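So the structure is just underneath, and the comments pick up after that.
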Amino acid sequence: MSTEEIARFLDDYRRIHGQVKVKSKLISLKVPEDLLAAFKFQARLENMPYQTKIKALMRDYLRTERK
């Protein structure tokens, strides 16, 4: 296991166990209106706020890319 992998594991562990408070960063992103409307609709069907869904998809993408 590389040093980077160990550091990433420790960061993830601390986040999971609440030892590190992660700050959020406000961003601005242009998205086609129809895409945003469809995404919000799908998130609503899943009873999830659409911004929470976006963050979940980002986390899933990063987990997949790490492998």
(message) Modelling each spin label as a point 7 Å along the Cα-to-Cβ direction, I'd like the Glu33/Leu62 distance in nm, to one decimal.
(response) 3.3 nm
(request) Run the quick spin-label model on Lys25 and Ile54: label points 7 Å from Cα toward the beta carbon, then report their separation in nm to one decimal. (result) 1.4 nm
(request) Only loop residues by DSSP count here, and only those with at most 16 other Cβ atoms within 10 Å; note down the GluC sites (Glu not before Pro) in region 4-67 that meet that. (result) Glu46
(request) Would you list the membrane-span-like helices of the chain, meaning whole DSSP H runs whose alpha-carbon atoms span at least 15 Å along their axis and whose mean Kyte-Doolittle value is at least -1.0? (result) 3-16, 33-45
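The numbers here are math on the coordinates, done by the rules we state, and not lab data. Because the structure is predicted, anything quoted here is derived from the model rather than measured. Every residue, glycine among them, receives a Cβ derived from its backbone with ideal geometry; neighbour counts consider all protein chains shown.
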